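Following: one structure in C-alpha cells, then a few remarks.
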Amino acid sequence: MGVHVASDGRRIELITGSGRRRRWSGADKARIVVESLEPGANVSEVARRNGLSPQQLFAWRREA
C-alpha cells in the first residue's frame, strides 16, 4: 500500500495485494471483531488496518 500525490496536489492511496484469499484463524477473527466493538471504533478503519474489507468484518460481526 502506498500514497501517491497527483500533480494537482490530490492524494491517491494505492492499495495493492497478492490477490490471494487469506485464511483467518478463529482467534484472529475474534480479536478483530472485539476491536471493532470497542466504544468509538470505526468498523471501516478497523477492517482496513487489519487488511480486510469492511463488508467482511460486518459479516464476521453478524456470525458472532
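The values are calculated or read from the model by the stated rules, or taken from the named source; none is laboratory data. Since the structure is predicted, the reported quantities are computational estimates derived from the model, not experimental observations. FYI the Cβ positions are ideal-geometry reconstructions off the backbone, even for glycines, and counts take in every protein chain you see. For the accessible areas, the whole protein counts, side chains as well, though only heavy atoms, and no ligand, DNA or RNA atoms are used. Shrake-Rupley method; radii C 1.70, N 1.55, O 1.52, S 1.80 Å.
For residue 45, are the conditions met, namely being open to solvent by 70 Å² or more (accessible area, probe 1.4 Å) and either modelled with pLDDT under 95 or in a loop (DSSP other than H, G, I, E, B) (or both)? So residue 45 fails the test. A count restricted to region 48-60 and to residues that are in a helix (DSSP H, G or I) and either under 14 Å from residue 21 (Cα atoms) or in contact (Cβ under 8 Å) with a residue 12 or more places away in the chain (or both) stands at 4.
Considering 20, 62, 31, 11, the condition of being exposed (fewer than 12 other Cβ atoms within 10 Å of the Cβ) and at pLDDT 95 or above is satisfied by 62 alone.
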